[in-house]
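Read through the structure below, which is laid out as structure tokens, and then see the notes.
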Amino acid sequence: MTERPILETRDLTIRFGGHVAVDHVSCSFDRGTLTAIVGPNGAGKTTYFNLISGQLKATGGTVALNGEDITRHSVPDRTDRGIGRAFQLTNLFPTLSVRENVRLVVQSRARKGFDLFSIAESHIELLERADHVLAEVRLIDQAEQIVSALPHGDQRKLEVALLIALGPQVLMFDEPTAGMSVDEVPVILELIRKLKADMDRTILLVEHKMDVIRSLADRIVVLHNGELVADGDPAEVIALPVVQEAYLGKAPEAA
Amino acid sequence: MLTRLLSGDTPRSGLLTLLLVAVLISLAFAPFLFPGTKSLETAARICIFIVLVASYDLLLGYSGIVSFAHTMFFGIGAYGTALALSTSGPSYWSLTWGTLAGAFVAAVFALAIGLFSLRVKAIFFAMVTLAVASAFAVFVSQMSWLTGGEDGLNYKIPRELTPAFKLVNDKVFGVRINGKLLAYYLVFFASLTLFLVMLRIVNSPFGRTLKAVRDNAFRAEAIGYKVVWYRTTATVLSAVMAALAGSLLAIWLRYTGPATTLSMEIMIDILLMVVIGGMGTLYGAVLGATLFILAQTYLQNLMGVAAEATSAVPLVSTLVAPERWLLWLGVLFILSVYFFPSGIVGRLRAGRA
Ligand SMILES: Nc1ncnc2c1ncn2[C@@H]1O[C@H](COP(=O)(O)OP(=O)(O)OP(=O)(O)O)[C@@H](O)[C@H]1O
Ligand SMILES: [Mg+2]
């Protein structure tokens, strides 16, 4: 295992005023692995994602993708280089149709955004790819619907669909199954499992459900008050007292 | 074939199709259907404003960008053509280079404003355009040795486009086939072409991306679109289209001045036309511009007729007295915005479902 990590953060830090939301987090992620990131509410998981994909700029430390320092890169530049994410709070194009949402992602990936003189609908291959993804997440029957009129559970599925359509090297899922109906959850988890297996991707998954983590994760990273407090094999990490406490929502110093 | 010409963006409503076809036929045959100088003036104005309003919708409706500099770009185009014609003579060559120069200057201005201010908050962009447009209007009125100041510029256009030029000696369907008619058809076909080009742009992958950026710029970035560049390109395209509309006005009127191109009043008219027609659909620009200009031109006459007809009823006849036409225009707009918040086109398309 001398292969260098796909993604690496070193001393990654962000301060909001006096509050340090992510505190010197150093961690690296290898090709073809799925890492679960856990921690109580407000631990800094989403903020850590925001620092990696660029929505927030670090106050200190670095993010490197394939050995290249991307700490100062813009969000679209990082997306171009292979970092993609789905959001914890659904974040879609509300006035457009479900199909158009996915088509836009496929179009971006095909680098057709600056094509001014062809008719968008004439790019059949983009539409087919979009429909393929919609079929995978079982949203194809709702393809024509306007997103703002979609039930919450379906919006969550579309959120995941956008990331799958983007198909980047590094995929970050932020509680993908939260708000989904019980019978939809296995569909999404199966998709994530498939991504991990046959696409040689690197997946970061923020998830609260322990059974999901046990069945999917190769490794668990625990954040607490912005600090990385545990990192390792799922069975071992889950057994650690600090994790048990974190999961009960109790701060260690109070225990 | 027709669908391709419309870039796949068909009206998608029976009544809307009917209205659009009616406008198209009326404008295409205006000199024959509505003879008379005033109606031809109105028809040409409608053609030009359709382009101007559509180009504004490219920004407001499709990209979600509020700009107050649209009349500035309109004016830059008009003054470009006007200055070329008045300095280097009434040739097609001056007409062409003046128009191209105007469009180019508009593009450079739009690029500068866009890069300077589209990175930050939307309100900042709106403020910058307001400031730049006001400064530009003052500049034009001060530079009277060049621009004619408040009086504007009168100039000659190529003879073939003036009433003095007779194409055929006899009247056709009772209409004189002269240079004015040719000028009208130049305006008409240029406007139609520009409109179809814009229709293509908004239905292209680029146009679709603009809508995504308008809807959720944050997510658009997260799927790889460089939002600033999309917004800036939209601003530049919209400015160039407005400048070309300005050049058409300059050719048509043979006069260019601050009042016909740069005034804040025109800016507000454009805004109203976009909103009344329906934001985010270019067909809205067609209906918005047509109705607005018709109302602006004929409401006064109509009210004169109404006042006469109701002269026996004291209160009503004072209310509809022709002097009150502006009041009624205002009332009409408030009502239309209240009842059709998504514009006429939005309303017609929703009615279909
Ligand atoms: N833009 C911001 N400005 C100020 N404080 C912020 C900002 N973003 C996050 N925080 C703070 O940083 C801390 C970490 O928040 P974050 O959303 O990363 O937690 P999380 O681990 O994702 O929690 P959850 O499980 O609830 O999603 C919180 O205390 C939050 O209030
Ligand atoms: Mg979170």
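Rule-based calculations on the coordinates, nothing more; no lab input. All figures in this text were calculated on a predicted structure; none of them were measured in a lab. Here the Cβ is made from the backbone with ideal geometry for all residues, glycine too, and neighbour counts use every protein chain on show.
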### Task
Report, by chain and number, residues whose modeled amide H sits under 5 Å from the one on A:M172, excluding near sequence neighbours (fewer than 5 apart, same chain).
A:G84, A:R85, A:A86, A:L204
### Anchor A:K196: aspartates and glutamates whose Cα lies under 14 Å away (excluding residues fewer than 8 positions away in-chain)
A:D30, A:D218
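Tell me whether the stretch B:100-207 comes out rounded, prolate or oblate; compute the Cα gyration tensor, take square roots of the eigenvalues as a ≥ b ≥ c, and use a/c under 1.5 as the rounded threshold.
Numbers: a/c = 3.69, a/b = 1.59, b/c = 2.33.
Judged from the Cα gyration tensor, the stretch B:100-207 comes out oblate (a/c at least 1.5, b/c at or above a/b).
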## Note on the structure
Cβ density ranking, 10 Å radius, fewest first, applied to B:W229, B:W325 yields B:W229, B:W325
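Show me the helices of chain B, taken as full DSSP H stretches, that run 24 Å or more along their long axis by Cα and average 1.6 or above in Kyte-Doolittle hydropathy. It would help to have the intermediate numbers written out before the result.
Numbers: long enough: B:37-63 (38 Å, 1.09); B:70-88 (27 Å, 0.82); B:92-117 (37 Å, 1.54); B:122-142 (30 Å, 2.06); B:179-202 (34 Å, 1.86); B:227-253 (39 Å, 1.53); B:282-309 (39 Å, 1.14).
Length and hydropathy pass: B:122-142, B:179-202.
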### Query
What shape does the stretch B:2-352 take by its C-alpha gyration tensor, where a ≥ b ≥ c are the square roots of the eigenvalues and a/c under 1.5 counts as rounded, a/b above b/c as prolate, and the rest as oblate?
rounded
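Answer rounded, prolate or oblate for the stretch A:82-178, using the Cα gyration tensor with square roots of eigenvalues a ≥ b ≥ c: rounded when a/c is under 1.5, else prolate when a/b is larger than b/c, else oblate.
Working: a/c = 1.84, a/b = 1.29, b/c = 1.43.
Since a/c reaches 1.5 but b/c is at least a/b, the shape of the stretch A:82-178 is classed as oblate.
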### Query
Binned at 5 Å from 0, what are the whole-percent values of the Cα-Cα distance distribution for the stretch A:45-92, short to long?
5, 22, 34, 25, 11, 4, 0
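For a footprinting-style exposure proxy, rank B:K38, B:K211 by other Cβ within 10 Å, fewest first. The partial results should precede the final answer.
Values: B:K38 11, B:K211 20.
Sorted ascending by nearby Cβ count, the order is B:K38, B:K211.
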#### Entry: Largest-first principal axis extents, alpha carbons of the protein assembly as shown, Å
98, 52, 50
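State which stretch of chain A is the longest one without any exposed GluC sites (Glu not before Pro), exposure meaning a DSSP loop state and at most 13 other Cβ atoms within 10 Å. The partial results should precede the final answer.
Working: sites that count: A:E3, A:E144.
Formally, the longest exposed-site-free interval is A:4-143.
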### Task
Report the one residue of B:I201, B:M127, B:V172 whose Cα lies farthest in the direction of the positive end of the charge dipole of the stretch B:109-261 (charges on C-beta: Lys and Arg +1, Asp and Glu -1; origin at the Cα centre).
B:I201
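So, with +1 on the Cβ of K and R and -1 on the Cβ of D and E, and no other charges, what is the size of the charge dipole of the stretch B:2-352 about its Cα centre, to the nearest 20 debye?
Working: 24 positive and 13 negative charges, 183 e Å.
Around 880 debye, computed over the stretch B:2-352.
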#### Entry: Cα-only radius of gyration and Dmax that characterise chain A, units Å
18.6, 65
### Task
Would you order B:F206, A:F173, B:F32 from fewest to most other beta-carbon atoms within 10 Å of each residue's own beta-carbon?
B:F32, B:F206, A:F173
#### Entry: Count, lysine Cα pairs under 23 Å in the stretch B:146-292, 8 or more residues apart or across chains
5
